[in-house]
Amino acid sequence: MKIDRIELFLLRLPYVHFFETSFGRAYDRTFSLIRVEAGGLTGWGEGVAEERPLYSGETTETAWHVMKDFLIPLIFEKKITGPEEFARAASVYRGNRMAKAGLELALWDLAAKAAGKPLSALLGGTRTEIEAGVSCGIEDSLPDLVARVGSYLDQGYRRVKIKIKPGWDTAACAAVREKYPDIMLQVDANGAYKVEDMETLAALDAFNLLLVEQPFAPYDLWDHAKLQKRMKTPLCLDESILSADTARAAVEMGSCRIVNIKVGRVGGPVEAVKIHDLCQKAGIPVWCGGMLESGIGRAHNLHLASLPNFSLPADLSASRRYYREDIIDPFIELSGPGKIRVPDGLGIGVNPVASRIEKATLRREEFRPS
Ligand code: OSB
Ligand code: MG
């Protein structure tokens, strides 16, 4: 099915509550949407590159440039119609994984709609409901943090992740554990620590955490391996895992015992499924990470998280955890305590709402084959 038209949108949506990580505090999210049209069908993807190159080296502007000047021309010139063909062709370009992923996601939604199936069926999903978790940012005070964790538990979440950084780690864990000794709890440092901090990190063993996510810099597989030897809590890598090859290296080196998979970070679902399969063979559990996506990106994550080796709760929460006016209808809701149902309609199975997208759009551009 020939692609007739591709449209890029740059959006900004305000968060219901600020989100602070070791990178800093943010009050809203700037991201891109990708819309592809073929034979009367429409596929949607979301680009998770952020305004500033903090989590990754990509930004909304570099991703726009790479999509506009390299990847979209590639689709039209090579008459690409499907996501797997796109992933193969796009691999001639290095890096820029978030740009690649946004387009590949849109092509997956389109392919599933053309096949008359939910996306999960094309990816090899086996679950109809996934375990949902919530990611809690750094707060102004420890009582604020404990109160926020409490409000998420009241809403039905069963697994909580808290962001840590030097100076907001042991005390934050102690404060949450004192009030909630038995909840499923994990922490994420977004690479904020250095080798000199091994002692502080090893002390996190005292808090019965499910995992410690990305304590060191993305490139630093070696120090993660050294730390993992000293800790009984499993380390989990997020930023470090860019591909199936880096996942294999991390697993073989013992840099982690758990892997976080995000489609944006690894270049799209084709690579994400490879990582899932490789980890499954190696006995390494994976879970689906999030980038505070809008409903479109989150729906894609739900389909991916339905694969069998996604065996730990995801960073996937209901629409209202993130945005007052999510851009899909209906909103994503908890389907039971700590659970979200995988949409069973065609493709991603959620409907983008044109008026809400328009309201949040900063820029829009459309492309057609020449
Ligand atoms: O490191 O997992 C992360 C959000 C933006 C960038 C990086 C991360 C996150 C989250 C949010 O933790 C998880 C979610 O989408 O609920
Ligand atoms: Mg993370």
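How much length, in nm to one decimal, is gained on full extension between H65 and M253, taken as 0.36 nm per residue of separation minus their Cα-Cα distance? Mind showing how you got there, number by number?
Working: separation 188, 0.36 × 188 = 67.68 nm, distance 3.56 nm.
Extra length available between H65 and M253 comes to 64.1 nm.
Modelling each spin label as a point 7 Å along the Cα-to-Cβ direction, I'd like the K194/Q280 distance in nm, to one decimal.
According to this spin-label approximation, the distance is 4.2 nm.
Give me the distance between the Cα centres of segment 120-144 and segment 289-303, rounded to whole Å.
10 Å
Once fully extended, how much extra length lies between S243 and T42, figured as 0.36 nm per residue of separation less the alpha-carbon to alpha-carbon distance?
Working: separation 201, 0.36 × 201 = 72.36 nm, distance 2.82 nm.
Residue separation times 0.36 nm, minus the Cα-Cα distance, leaves 69.5 nm.
Using a Förster distance of 41 angstrom, determine the FRET efficiency expected from the C-beta separation of E178 and E366, and round it to 0.05. Before the final figure, lay out each step's value.
Numbers: r = 54 Å, r/R0 = 1.33.
Efficiency, from the Cβ-Cβ distance: 0.15.
When 1/r is averaged over all different Cα pairs and the result inverted, which Kirkwood radius in Å belongs to segment 125-211? Walk me through the numbers before you get to the answer.
On the way: mean 1/r = 0.0731 Å⁻¹.
Taking the inverse mean of 1/r over all distinct Cα pairs, segment 125-211 comes out at 13.7 Å.
For segment 143-223, run through the chymotrypsin sites (Phe, Trp or Tyr not before Pro) and keep only the ones in DSSP coil with at most 12 other Cβ atoms within 10 Å of their Cβ.
Counting only loop positions with at most 12 other Cβ atoms within 10 Å, the chymotrypsin sites (Phe, Trp or Tyr not before Pro) in segment 143-223 are Y219.
For the chain, set up a Gaussian network in which alpha carbons nearer than 10 Å are linked by springs, and say which option among A272, A175, A244 fluctuates the most.
Looking only at A272, A175, A244, the largest GNM fluctuation is found for A175.
Would you give the gap between the C-alpha center of segment 56-89 and the C-alpha center of segment 256-270, rounded to a whole Å?
About 19 Å separates the Cα centre of segment 56-89 from the one of segment 256-270.
Mind checking the log10 I(q)/I(0) for segment 71-164 at q = 0.10, 0.17, 0.19 Å⁻¹? Debye, one equal scatterer per Cα, no solvent, two decimals.
Each listed q corresponds, in turn, to -0.50, -0.82, -0.88.
How are the C-alpha pair distances of the chain spread across 10 Å bins, as whole percents from the shortest bin up?
Calculated P(r), rounded to whole percents: 5, 26, 35, 24, 8, 1, 0.
Could you tell me what percent of the DSSP beta bridges with both partners in the chain are antiparallel, to the nearest 5? Please report the intermediate quantities before stating the final value.
Values: 34 of 56 bridges.
Rounded to the nearest five, the antiparallel share is 60 percent.
So how far apart, in nm, are the two label points at F331 and D4 if each is 7 Å from Cα heading toward Cβ?
It works out to 3.4 nm between the two label points.
Keeping all protein chains in the complex and leaving out DNA, RNA and ligands, what accessible area do you get for S32 with a 1.4 Å probe, in Å² to the nearest 10?
Probe radius 1.4 Å; accessible area of S32 about 10 Å².
For the chain, what does -39500 (n - 2.57) per DSSP helix run (n ≥ 4), summed and divided by total residues, give at 222 nm, in deg cm²/dmol to the nearest 500?
Details: 15 runs with 132 residues, N = 370.
That comes out to -10000 deg cm²/dmol.
Apply the Karplus parameterisation 6.51 cos²θ - 1.76 cosθ + 1.60, with θ equal to phi minus 60°, to every residue of segment 159-171 and state each ³J(HN,Hα) to the nearest whole Hz, in sequence, with x for glycine and proline.
So the J values, rounded to whole Hz, are 10, 10, 10, 10, 7, 10, 7, x, x, 9, 9, 4, 5.
Build a GNM of the chain with springs between Cα atoms under 10 Å: which of E333, E196, E61 gets the top mean-square fluctuation?
Highest fluctuation of the listed residues: E196.
Work out how much length K359 to K78 would gain on full extension: take 0.36 nm times their residue separation and subtract the Cα-Cα distance, in nm to one decimal.
On the way: separation 281, 0.36 × 281 = 101.16 nm, distance 3.43 nm.
Here the segment from K359 to K78 would lengthen by 97.7 nm.
Against the longest principal axis of the chain, how steep is helix 244-253, in degrees 0 to 90 to the nearest 10, with axes from Cα atoms?
20 degrees
With an 8 Å cut-off on Cα pairs and a minimum separation of 6 or more residues, tell me the relative contact order of the chain in percent. Provide the component values of the computation, followed by the final result.
On the way: 824 pairs, mean separation 81.5, N = 370.
Rounded, it is 22 percent for the chain.
Order the following by accessible area, largest value first: F19, F70. Probe radius 1.4 Å; ligands, DNA and RNA are ignored.
Numbers: F19 25, F70 80 Å².
Largest to smallest exposure gives the sequence F70, F19.
Put R12, R35 in order of accessible area, largest first, 1.4 Å probe: what do you get?
Working: R12 85, R35 60 Å².
If we order R12, R35 from most to least accessible, we get R12, R35.
Can you give me the distance in nm between label points at F23 and T170, each placed 7 Å from the Cα along the Cα-to-Cβ direction?
2.9 nm
Which of rounded, prolate, oblate describes segment 121-341, given a ≥ b ≥ c as roots of the alpha-carbon gyration tensor eigenvalues and a/c under 1.5 marking rounded, otherwise prolate only if a/b is larger than b/c? Before the final figure, lay out the partial values.
Details: a/c = 1.83, a/b = 1.07, b/c = 1.71.
Because a/c hits 1.5 or more and a/b fails to exceed b/c, segment 121-341 counts as oblate.
Cross-link candidates for K165: which lysines have Cα within less than 28 Å, leaving aside residues fewer than 8 places away along the same chain?
Leaving aside lysines fewer than 8 places away in the same chain, those within reach of K165 are K179, K194, K226, K229, K232, K262.
The values are calculated or read from the model by the stated rules, or taken from the named source; none is laboratory data. What you are looking at is a predicted structure, and each value in this text was computed from that prediction instead of being measured. All Cβ positions, even for glycine, are placed from backbone atoms using ideal geometry, and neighbour counts span all protein chains on display. The area values use the complete protein model at the heavy-atom level, side chains included, leaving out ligands, DNA and RNA. Shrake-Rupley method; radii C 1.70, N 1.55, O 1.52, S 1.80 Å.
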